[in-house]
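The values are calculated or read from the model by the stated rules, or taken from the named source; none is laboratory data. Note that this is a predicted model, so its numbers are computed, not measured. FYI the Cβ positions are ideal-geometry reconstructions off the backbone, even for glycines, and counts take in every protein chain you see. We work out accessible area using only protein heavy atoms, side chains counted, and drop any ligands, DNA or RNA first. Shrake-Rupley method; radii C 1.70, N 1.55, O 1.52, S 1.80 Å.
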Amino acid sequence: MAPLMGKRVVIVGGSSGIGLGVASAAVKAGAQVVIVGRSMERLKAARETLAAEDRVTALAADMTQEREIARLFDAVGAFDHLVSTAGSPPPGDPIDQTDIDVVRDFIENKFVGAVLLAKHAARRLTRGGSMTFTSGINKDKPPVPGGAVVAAIAGSFSYLAHALSLELAPTRVNVVSPGWVDTPMFDALAGEAKAGYFDGMAARLPVGRIATPADIAPAYIHTMESDFTTGQTLHIDGGQSLL
Ligand SMILES: NC(=O)c1ccc[n+]([C@@H]2O[C@H](COP(=O)([O-])OP(=O)(O)OC[C@H]3O[C@@H](n4cnc5c(N)ncnc54)[C@H](OP(=O)(O)O)[C@@H]3O)[C@@H](O)[C@H]2O)c1
């Protein structure tokens, strides 16, 4: 294991939800953290909640814009670990009612963005460094109807990690796959129905409750610290994929 103490960690999506949970855990583990998102306002608010301003830098960049991502990693310089939790709510229409522009935007802001991050982070990562991307339960348990695109895109991250872990070795590349997590994205997706969905799922889950970002963050800490973990998808879903 290579502890995070003093390591430089870039977290794209670090201003909210799971990414903010990872930022908090990384700060607690002694890392220097760069949080990245599109909105500087959200980044500043997140930086304040992390309450370790000397070890947290906030940089605004849109992962779908190659120039912004090139500039981001120029500004960061050499670093040890990349985490991306960035993404936007998935499309959910049945396939025969799919709006293809919505699908394209989702793929751009989840998969293409991740490829751009990998492209520009690869040569900046120090030896022993890692990349960790985020997929999710929708690849194992797609919503029916309407889950085909999100299942395919979430599932693709495992294959991205397989291939990149070989191509970029010794840099390690992994994926964390959460179940449902109580975050602003879930609020945006479910609105007032969230409480009902959560009560129903909590009653079925082996662990008996819905995750918070703090429950998911240790999986990312593991992929960063474990220097023998590469090409893997870690499922951290309270047993949701078993249901
Ligand atoms: N919540 C769940 O139940 C759940 C379950 C399984 C998987 N996931 C996956 O986990 C990931 C994180 O979800 P979350 O619930 O933590 O979402 P969230 O609270 O909405 O956070 C998303 C983060 O990504 C950033 N972001 C979005 N697009 C970006 C872009 N183009 N460039 C840079 N940053 C961008 C957002 O900041 P800005 O908007 O300011 O850019 C924000 O910091 C998502 O990809 C989601 O699909 C979530």
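For Glu108, work out the one condition from (1) open to solvent by 50 Å² or more (accessible area, probe 1.4 Å); (2) away from the ligand (no atom under 13 Å from the Cβ) it doesn't fulfil.
Just one mismatch for Glu108, condition (2).
Kindly indicate which of Lys7, Lys28 is free of Cβ contacts under 8 Å to residues at least 24 places away in the same chain and either of a type in the set (Gly, Ala, Ser) or more than 9 Å from the ligand (Cβ to nearest atom) (or both).
Lys28
Looking at this structure, is Val175 within 21 Å of Ala23 (Cα to Cα) and not aromatic (Phe, Trp, Tyr)?
Criteria met by Val175.
From the list Val149, Val144, Val181, pick out the single residue that is open to solvent by 60 Å² or more (accessible area, probe 1.4 Å), β-branched (Val, Ile, Thr) and either more than 30 Å from Arg124 (Cα to Cα) or at pLDDT below 95 (or both). Spell out how you get there, then give the answer.
Values: Val149 fails: open to solvent by 60 Å² or more (accessible area, probe 1.4 Å); Val181 fails: open to solvent by 60 Å² or more (accessible area, probe 1.4 Å).
Of the residues listed, the single one that is open to solvent by 60 Å² or more (accessible area, probe 1.4 Å), β-branched (Val, Ile, Thr) and either more than 30 Å from Arg124 (Cα to Cα) or at pLDDT below 95 (or both) is Val144.
Could you tell me which residue of the stretch 165-180 is nearest to the ligand (Cβ to nearest atom), considering only residues that are closer than 11 Å to Thr229 by Cβ and of a type outside the set (A, V, I, L, M, F, W, C)?
This residue is Asn174.
Name, by its number, the condition in (1) assigned to a helix (DSSP H, G or I); (2) on the phi > 0 side of the Ramachandran plot that does not hold for Gly238.
(1)
Given the conditions (1) within 13 Å of the ligand (Cβ to nearest atom); (2) farther than 12 Å from Val36 by Cβ; (3) in contact with a strand residue (DSSP E or B) (Cβ under 7 Å, 6 or more places away or on another chain), report the number of the one that His81 does not fulfil.
(1)
Of the residues Thr132, Thr183, which single one is within 14 Å of the ligand (Cβ to nearest atom) and touching a His at 6+ places or on another chain (Cβ under 8 Å)?
Values: Thr183 fails: touching a His at 6+ places or on another chain (Cβ under 8 Å).
Just one listed residue meets the conditions, Thr132.
For the stretch 13-25, which residues satisfy the criterion of being assigned to a helix (DSSP H, G or I) and either surrounded by 24 or more Cβ atoms within 10 Å (Cβ to Cβ) or within 7 Å of the ligand (Cβ to nearest atom) (or both)?
Within the stretch 13-25, Gly17, Ile18, Gly19, Leu20, Gly21, Val22, Ala23 qualify.
If you check Ala122 against the conditions, is it open to solvent by less than 20 Å² (accessible area, probe 1.4 Å) and on the phi < 0 side of the Ramachandran plot?
no
Say we look at the stretch 45-63 and pick out the residues that are in a helix (DSSP H, G or I) and more than 11 Å from the ligand (Cβ to nearest atom); which of these is modelled with the lowest pLDDT?
Ranking the candidates gives Glu53 first.
Restricting to the stretch 174-188, give me the number of residues that are hydroxyl-bearing (Ser, Thr, Tyr), touching a Phe, Trp or Tyr at 6+ places or on another chain (Cβ under 9 Å) and more than 13 Å from Ile236 (Cα to Cα).
Here the count works out to 0.
Output the number of the condition that Ala70 fails; it satisfies all remaining conditions of (1) touching a His at 6+ places or on another chain (Cβ under 8 Å); (2) open to solvent by less than 10 Å² (accessible area, probe 1.4 Å).
Going through (1) touching a His at 6+ places or on another chain (Cβ under 8 Å); (2) open to solvent by less than 10 Å² (accessible area, probe 1.4 Å) one by one, Ala70 breaks only (2).
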